[in-house]
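A short worksheet on the structure shown next.
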Ligand code: NAD
Ligand code: UD1
């Protein structure tokens, strides 16, 4: 089996590539290295350094593959709020381009990284796949419209498409350097360097964190499953758990060795524009489909992040 992974030099993508290679799959990566790193592409994968905004690069990338795992995107919600049209070019227009190239080339399976962000500001205990969505940021609007396009490609061209709504993914190789980096990467770096942590809002907002190795296993299973129906399948990728930023800091601080009794210094800044207060997924569909999926506990996953950072 030959799989194309767009964004395979990125945080989640590099773990997916690793898992596919472990399973003996042939892997091609298309990545423009805008936020990904060449050195994060595992040995054994073919790297095509190109942008998915280039139609000819998309056509060449899908040539001869059995499945596409489409992860390339500008993954920052904040960045999309600041630059809607620039992020749209990558997050939606290029998604349509890649799906079009895949169906034209006769690729059977298309696994798409959607996001919990599609549920938007709706307050409910846990978001289920059949619940109404309310995307409020350009990032979320593009992700949801991307799903809708895949529904079209499935109905019109028989594509077996999977839209995976990732909740907050964390783990090694999530880069802390950008101001848009994920909260765990930023807090772990801050604690290790003895710097104050910036909390946007009151710190009582909650997220459903899921370890990247578990996500890679789930994504790989979707890519490998024999093609089934020509209909879009939507699935949350989450743990069904709720952790506030304050609780996160309390778990992370001991893992970094920063808890010597003194509480880490926290600086509060206003909540980010478009920020979602509570985000938790219903994982019933995922569990029914993959009952014995790996579930790395948060404290164990945080320890691996810290180990990775300390290893340099
Ligand atoms: P990431 O930034 O580490 O990975 C994205 C990859 O896409 C990078 O390697 C980047 O270089 C590449 N890329 C960006 N624009 C490109 C372009 N025009 N052409 C080719 N490659 C391009 O982000 P990530 O956290 O690994 O996210 C992967 C996917 O999962 C994204 O689609 C993101 O929206 C989605 N997602 C992530 C999370 C999360 O918690 N990290 C949650 C929900 C959804
Ligand atoms: C994240 C993903 C996004 C995905 C969404 C799905 C990243 C960078 N973004 O967005 O791609 O679609 O989950 O749920 O992984 N915060 C701080 N201080 C910081 C950094 C963040 O207080 O230094 C706060 C944020 O304001 C937010 C929370 O922590 O309230 C989580 O932020 P972040 O890790 O950026 O993720 P999301 O915005 O949830």
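The values are calculated or read from the model by the stated rules, or taken from the named source; none is laboratory data. Since the model is a prediction, treat every value here as computed from it, not as a measurement. Neighbour counts run over all protein chains shown; Cβ positions are idealised from the backbone, glycine included.
Looking at the stretch 161-174, which of its residues are within 10 Å of ligand 1 (Cβ to nearest atom) and not in a strand (DSSP E or B)?
The answer is 167, 171, 173, 174.
What do you reckon, is residue 113 within 30 Å of residue 303 (Cβ to Cβ), within 16 Å of ligand 2 (Cβ to nearest atom) and not in a strand (DSSP E or B)?
Spelling it out, it is not the case that residue 113 is within 30 Å of residue 303 (Cβ to Cβ), within 16 Å of ligand 2 (Cβ to nearest atom) and not in a strand (DSSP E or B).
Condition check ((1) at pLDDT 95 or above; (2) surrounded by 20 or more Cβ atoms within 10 Å (Cβ to Cβ)) across all residues:
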{"site": "101", "(1), (2)": "yes, yes"}
{"site": "146", "(1), (2)": "yes, yes"}
{"site": "150", "(1), (2)": "yes, yes"}
{"site": "162", "(1), (2)": "yes, yes"}
{"site": "172", "(1), (2)": "yes, yes"}
{"site": "182", "(1), (2)": "no, yes"}
{"site": "185", "(1), (2)": "yes, yes"}
{"site": "193", "(1), (2)": "no, no"}
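With respect to residue 29, is the statement that it is buried (at least 17 other Cβ atoms within 10 Å of the Cβ), in the same structural domain as residue 218 (by TED's automatic domain parsing), more than 7 Å from ligand 1 (Cβ to nearest atom) and not in a strand (DSSP E or B) true?
Spelling it out, it is not the case that residue 29 is buried (at least 17 other Cβ atoms within 10 Å of the Cβ), in the same structural domain as residue 218 (by TED's automatic domain parsing), more than 7 Å from ligand 1 (Cβ to nearest atom) and not in a strand (DSSP E or B).
For (1) in contact (Cβ under 8 Å) with a residue 60 or more places away in the chain; (2) touching a strand residue (DSSP E or B) at 6+ places or on another chain (Cβ under 7 Å); (3) assigned by TED's automatic domain parsing to the domain that holds residue 176, each residue gets a yes or a no:
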site: 67; (1), (2), (3): yes, yes, no
site: 73; (1), (2), (3): yes, yes, no
site: 79; (1), (2), (3): yes, no, no
site: 105; (1), (2), (3): no, no, no
site: 109; (1), (2), (3): yes, yes, no
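Within the stretch 117-145, restricting attention to residues that are within 12 Å of residue 163 (Cβ to Cβ) and not in a loop (DSSP other than H, G, I, E, B), which residue is farthest from ligand 2 (Cβ to nearest atom)?
145
Yes/no matrix, rows are residues, columns are (1) in a helix (DSSP H, G or I); (2) near ligand 1 (Cβ under 10 Å from one of its atoms); (3) at pLDDT 95 or above; (4) crowded, with 24+ Cβ neighbours inside 10 Å:
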| site | (1), (2), (3), (4) |
| --- | --- |
| 47 | no, no, yes, no |
| 53 | no, yes, yes, no |
| 57 | yes, yes, yes, no |
| 60 | yes, no, yes, no |
| 65 | no, no, yes, no |
| 68 | no, no, yes, yes |
| 73 | no, yes, yes, yes |
| 78 | yes, no, no, no |
| 85 | yes, no, yes, no |
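Just to be sure, is residue 16 assigned by TED's automatic domain parsing to the domain that holds residue 144 and modelled with pLDDT of 95 or more?
yes
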